[in-house]
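Colleague: Just passing along the structure, written as C-alpha cells.
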Amino acid sequence: MKNFLVAIIVSALLISCSKKEATPSSVQTDSTKIIDSINAVRTKINDSIRSKNSFKDFSGDHKFTHNLIKNAGSVNFKKINGEKDHYTISGNIKSGKNSVEIKGFIAVVSDKHMNFTGEITQSIADNDNGKPYTRKGTKTFASKDGGKTYRLQDMINGSGFVDYIDIHF
C-alpha cells in the first residue's frame, strides 16, 4: 500500500510540474487597430459637430451704421470653412469726409454677443478735425433687440465722445 501511495504522489507531482502549452481561448487582436478605429469614429463625430452652426448663419452683406454718419454702409460676413460660427468680415461707411472701415474676424459666442478681433478705423470731421482713430484687438458687439442689431461695446472714441457703431441683420 505504501508503494501505491508513493506512486500516486510521484505521478501527481510529475503531472502538475510538467510544462503545459498555453493555448489562447480567443484570437488576440492588435490593440492599435482597435484604438485607430475608435479615433476614426470620434473624428467623424467631431467633424460633423464642428461644421454646423450653433447660431443662425450671418453670411452675406448687412447694413453697417455710425451715429455721426448720415448714410449707411455695408459689411460682408464670410463663413470660415470648417469652423463653427466664425466669419471673416470687412466693410465700410463713407459720407463726405466721414468714414468708418471694419476688417477682421468675428466669432458668434451667444444669441446676443459676437467677439470681433481686428481693426475698426474711423475718421469723423467733428472729432479732432477728422484725425483717424483706430480700435484694435478684441471687441464685443452686443444685441439688445433679439439679434436684429449688434452694437460695438467699446463706444468711447479717441476724442472722448460716444460712437454708436452698429451692424444690422
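Colleague: Can you tell which of S99, S37, S25 is at pLDDT 95 or above and either open to solvent by less than 90 Å² (accessible area, probe 1.4 Å) or farther than 23 Å from G137 by Cα (or both)?
Modeller: S99
Colleague: Got a sec? Which of S90, S123 is small (G, A, S), touching a strand residue (DSSP E or B) at 6+ places or on another chain (Cβ under 9 Å) and under 15 Å from H62 (Cβ atoms)?
Modeller: S90
Colleague: Can you tell me how many residues within segment 149-169 are open to solvent by 60 Å² or more (accessible area, probe 1.4 Å) and either farther than 20 Å from F77 by Cβ or in a loop (DSSP other than H, G, I, E, B) (or both)?
Modeller: Selection size over segment 149-169: 6.
Colleague: To continue, here is another question. With the requirement that a residue be more than 22 Å from the chain's Cα centre (by Cα), part of a strand (DSSP E or B) and either small (G, A, S) or under 19 Å from S74 (Cα atoms) (or both), what does segment 130-148 give you?
Modeller: T134, R135, listed by residue number.
The values are calculated or read from the model by the stated rules, or taken from the named source; none is laboratory data. All values reported here derive from a predicted model rather than from experimental measurement. So basically every Cβ, Gly included, is an ideal-geometry build from the backbone, and we count neighbours across all protein chains shown. Surface areas here come from the heavy atoms of the whole protein model, side chains and all, with no ligands, DNA or RNA. Shrake-Rupley method; radii C 1.70, N 1.55, O 1.52, S 1.80 Å.
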